[in-house]
Structures are given as structure tokens and as C-alpha cells.
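As C-alpha cells, the structure follows; a few thoughts come after it.
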């Protein structure tokens, strides 16, 4: 349960709000590099933290991230011409460079022009790990880029998708770190019912998730506060003398990773507020050691796991609230708990169904919500600390992000911290 | 001594359950412990809330309502890192003679 004030503190991210100020202390993903593929390509609209922005790549390849509206009459620069190292408003011809400086004001006689005194808001950007990152905070607190493993692997080893979600970012984060929902929402009916046929099928599986995850529906949670955020350890029964451990990190301000089993690919998410009622969901799959496999690509193309197909212009998923996520009731009756294709769409259906910003004063939590409680408390502590003048440590220590999720089987008398120590360090 | 890293399986609001939570509140000192206590108090608050909403005997309701309020207050104290104060509050309820009426 959260008070109304705490709920607002966590979920409101416009400029000037405490959480908005906190997010603005970090670099975060703003666009796919492929959205601005070449110099002088068309500009792209992007809304972040309640601000309407325009991104463009100038003639030299530099990326500008500007206030969407021209300083003159507030026309949208989305219609602008990207030409000769600047974006020209087509209404009266004012032109801006990548730093937001007006470099041409052709509708004024030369003696009345004041182009060099005109600026619009411009935010620094970096290209890193297949993404264009933005920093929207004060110039004297520029943070480090996070040393995330997925951002450091070769392009062939990684796939990133972006989708538009009609909820506050926090609802999405909560879904991402809530391990217990996957036993239900993402399960097949035979797994949920643990039919003899299912138990027999997974008995000899080398995929630990397939083998153990769905057989223990009430896992035990442990959380550890760390410099990067939280380490969430979830324990399920495996054999009579062992436990199946799944370890995932919540990385400040809004990243997580799905527990990784050595030899398979890793998957993670990042959730960035678009405004208080919508967010950008970034989903990353990567293999630290090799290019993504045919199996990985099949999963991406067939939407059988964490990625969902989207409209390439709006990034709105093809399965969305307007078409009930294309739920197949017959499939739900006979095969899967949800009847909705792809884990991503299943998650999105649940999270959007709660409304754009859920009223957390009305929820009823239990002990399986420990990770969610911990994440909220941590974010509240961080925001309040910043309000008192303490800068977020993680924002200025990119190396803290050099961690990896894990899953493994340990003997019952071995703690996860001891048994998983070597598994939770990134390698790339 | 009680282990504050253990999470009480809260499935009711019996005096045994409440005393277990009190014992763990008394020894909780770290972020992780506070999170677990918050989860337990959330569960007590949730269960009492459902009982109040969907009704039991009216004689019990006054006690359940008070426990519902106490759980909320204790929860907020834990959120502020004041687990000892939360323990006292919940212990006072346990010792107040209302637990027999609500069990």
C-alpha cells in the first residue's frame, strides 16, 4: 500500500516534480539509432518525461534533441527541413543547429535579425549500444553512461525493440520485477495445472525455467539493497535436496533483467516515462558470447517471448487495447492461460488494463509482492535524498551496471549470495 | 532470537501471527528487514480490509477495524524506518484484549 502522496511522488515525472528531477539525473534511451539512420534524414518526434521534443541527425551526423516548437511562432519543427547542419522551420525559415542555437532568421531584414541570441531547449545525446541516449538534467551534474552489458556487445549479438505503452512507467517496472506472475499469466494450461504429461515433458529439460519455474507457484523472495538498486533473489523448490534460484537486478532508475541461464540469451527491459500516463518500453535480448541464434530470431519474429510487433512509425504494438490484444478465447480455453500471443503483449494487457496510473491506495499486497515493495521504497529513498541535495550515486558510477542476472540450482544448504557470486558479474 | 530475514506467512490475523510479526519488528534494522515487515503488515491490512468490507459478526468488527488501522499505522512507521515504534503499536494491540474477539 502506498499513500496518495507517495504514489504521486513516484509516478509524476514532468519537469519540476521530484521524480522528474530524479530521472533527469540519468542518461536514458530516447530513440533507436535506426530512427535517425543517416545525416539529414527526416526528423523524429519524441516525447520524454512530459516534454515534446524533436530529434534530428544533422549533415555531419551529429544528433540534436530539441524542443519540438520553433521559438518564433511555436510551429512544430517536425515539419522542418533538415539541411546544411540544421533544422529549418518551414513556417518562416528560422533554422536551429543541434545545440538549439538559431543560426538563421531569414524573414527579418539583416539589420533587425537577432538569430544568435535565440535558442530553444536542446539536450545532450550519445549513441551507445544501438540507441540514442538523452540527458535532460542540469549541465553541472552530467552523469556517466551505464556500463550495461547489452550496450557493449557487438550489434550481431543484440536485438532491441521499442514499444509504446499506455501506462505510467511504474506499473511497467512493477510488472517487470514481479516474478510470481509468470506462473500464471505466461503459463500454458498444462503447466498451470501441472498435468502428468507436462511434468513428464519437462522432467529432463535442460532449460531450468521450463523444468522448475512453473512447478512451484509460491516462491520465496529475498531482496538486497545495492549501489545499483536491488538484487532480487527468488527461490523455488527444485529436487528434494536443492532449490532453483532466479536472480534479477533492478537497476536505477528503471532497468531490469530476466534471470539468465548460462548458454541461452539474456533479456532485459528499460522503462522510460513518456509522460505520467504513457511510457516507452525498451526490450533487449543479447548473447554475450555469440551472435543471436536462429532460435532467438525465430522467437523475435514469431513473438513467442519478450518482444512484440509494433507499428514502425508510432511503436504502438499491433496487439493493443483497441483490439483486445487479439485475444484468442479458444486458445485460452484449450492451450494458454491468457490466449494472447507473446509475453510482451500479455504483460501489456495486464498493465494497461489497470488504467493509465493505478491507484495504489486501493491495492492489496501480500508477501509475494516483496520485490515491488522494495523497489518503491528504494525509489522513494532516492528521490527524497536528491531533494535533500544528495546526488544519486548510480548515475555517476556507470561501472555499477556491469552485472548480470542469473538462474541456477543450488544445494539447499548453500545461500544464493555464495552460490551465485560468479554468475552475477557481466563479462562483456 | 527471531530472524528478521524470515518473512511470516500471513494468512490470518490470529494472535500467533501478530506476535510473530511483533517479534520480527523488534529485531528489524535494515532496509531488507523493513521491506519484509512492510509486506507482512500489508497482508494483515489487506485481510482485515476484506473482512471489514465483506463483513463478519458486527461484534468483531470494532476490533478488526482497530487492527486494520493499527496495521496501517505500523506499516507507515516501518516505511519511515521506525520498526521499533511499529512493534510497540502492534504489541499494544495484542495486549489490549481485543485479539480474542477478532480471532
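The values are calculated or read from the model by the stated rules, or taken from the named source; none is laboratory data. The structure presented is a predicted model; accordingly, all values stated were derived computationally and were not measured. A quick note on method: Cβ atoms are made from the backbone with ideal geometry, for glycine too, and the neighbour counts reach across all protein chains shown.
General remarks:
- Strands (runs of 3 or more DSSP E) wholly inside the stretch A:84-139 that include at least 3 residues being closer than 30 Å to residue A:288 by Cβ: A:125-128, A:131-135
- Out of A:202, A:223, one residue alone is surrounded by 16 or more Cβ atoms within 10 Å (Cβ to Cβ) and over 30 Å from residue A:379 (Cα atoms). It is A:202.
- Scoring residue A:284 on the criteria (1) closer than 21 Å to residue A:157 by Cβ; (2) in a loop (DSSP other than H, G, I, E, B); (3) modelled with pLDDT of 95 or more leaves a single failure, condition (2).
- Selection status of residue A:149, modelled with pLDDT under 95 and either buried (at least 16 other Cβ atoms within 10 Å of the Cβ) or in contact with a strand residue (DSSP E or B) (Cβ under 7 Å, 6 or more places away or on another chain) (or both): no
- Those helices (runs of 4 or more DSSP H) of the stretch A:163-216 in which 3 or more residues are within 25 Å of residue A:283 (Cα to Cα) occupy A:169-177, A:208-212.
- Selection within the stretch A:314-362 - in a loop (DSSP other than H, G, I, E, B) and under 28 Å from residue A:45 (Cα atoms): A:314, A:315, A:316, A:318, A:319, A:320, A:342, A:354, A:355, A:356, A:357, A:358
- Condition check for residue A:292: out of contact with any helix residue (DSSP H, G or I) (no Cβ under 6 Å at 6 or more places or on another chain) and in a loop (DSSP other than H, G, I, E, B): yes
- Matching residues, the stretch A:1-36, being without any contact (Cβ under 8 Å) to a residue 12 or more places away in the chain, more than 14 Å from chain B (Cβ to nearest Cβ) and either over 22 Å from the mean Cα position of the chain (by Cα) or surrounded by 22 or more Cβ atoms within 10 Å (Cβ to Cβ) (or both): A:16
- You will find that of B:69, B:56, the residue that is surrounded by fewer than 15 Cβ atoms within 10 Å (Cβ to Cβ), farther than 22 Å from residue A:221 by Cβ and at pLDDT 95 or above is B:69 and no other.
- The residue that is surrounded by the fewest Cβ atoms within 10 Å (Cβ to Cβ), counting only those in the stretch A:403-426 that are at pLDDT 90 or above, closer than 30 Å to residue A:141 by Cα and in contact with a helix residue (DSSP H, G or I) (Cβ under 7 Å, 6 or more places away or on another chain), is A:403.
- Search result, residues across the stretch A:330-352 that are within 30 Å of residue A:296 (Cβ to Cβ) and more than 19 Å from the chain's Cα centre (by Cα): A:330, A:331, A:332, A:334, A:335, A:336, A:337, A:338, A:339, A:340, A:341
- Qualifying residue in the stretch A:221-236 (condition: part of a helix (DSSP H, G or I), touching a strand residue (DSSP E or B) at 6+ places or on another chain (Cβ under 9 Å) and either more than 14 Å from chain B (Cβ to nearest Cβ) or modelled with pLDDT of 90 or more (or both)): no
- Within the stretch B:6-33, the residues that satisfy the criterion of being within 10 Å of the chain's Cα centre (by Cα) and part of a helix (DSSP H, G or I) are B:15, B:17, B:18, B:19, B:20, B:21, B:22, B:25.
Yes/no matrix, rows are residues, columns are (1) buried (at least 20 other Cβ atoms within 10 Å of the Cβ); (2) in contact with a helix residue (DSSP H, G or I) (Cβ under 9 Å, 6 or more places away or on another chain); (3) more than 7 Å from every other protein chain (Cβ to nearest Cβ):
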| residue | (1), (2), (3) |
| --- | --- |
| B:2 | no, yes, yes |
| B:8 | yes, yes, yes |
| B:13 | yes, yes, yes |
| B:20 | no, yes, yes |
| B:26 | no, yes, yes |
| B:30 | no, no, yes |
| B:36 | yes, yes, no |
| B:41 | yes, yes, yes |
| B:45 | yes, yes, no |
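- Residue in the stretch B:53-66 that is within 14 Å of chain A (Cβ to nearest Cβ), touching a residue at least 24 places away in the same chain (Cβ under 8 Å), under 15 Å from the mean Cα position of the chain (by Cα) and within 24 Å of residue A:363 (Cβ to Cβ) present: no
- Residue that is in a helix (DSSP H, G or I), under 28 Å from residue A:2 (Cα atoms), within 14 Å of another protein chain (Cβ to nearest Cβ) and touching a helix residue (DSSP H, G or I) at 6+ places or on another chain (Cβ under 9 Å), where the choices are A:380, A:386, A:365: A:380
- Filtered residues of the stretch A:292-301 (kept if touching a strand residue (DSSP E or B) at 6+ places or on another chain (Cβ under 9 Å) and exposed (fewer than 14 other Cβ atoms within 10 Å of the Cβ)): A:297
- Among (1) more than 10 Å from every other protein chain (Cβ to nearest Cβ); (2) surrounded by fewer than 17 Cβ atoms within 10 Å (Cβ to Cβ); (3) closer than 25 Å to residue A:7 by Cβ; (4) modelled with pLDDT under 95, the one test that residue B:82 misses: (4)
- If you go through the stretch A:69-83 and keep only what is more than 17 Å from residue A:113 (Cβ to Cβ) and part of a loop (DSSP other than H, G, I, E, B), you end up with A:74, A:75, A:80.
- Qualifying positions in the stretch A:321-351 - free of Cβ contacts under 8 Å to residues at least 60 places away in the same chain and farther than 18 Å from residue A:181 by Cβ: A:322, A:323, A:324, A:326, A:328, A:329, A:330, A:331, A:333
- Of all the residues in the stretch A:200-220, those that are within 12 Å of chain B (Cβ to nearest Cβ) and free of Cβ contacts under 8 Å to residues at least 24 places away in the same chain number 1.
- The number of residues in the stretch A:302-315 being under 21 Å from residue A:267 (Cα atoms) and surrounded by fewer than 16 Cβ atoms within 10 Å (Cβ to Cβ) comes to 2.
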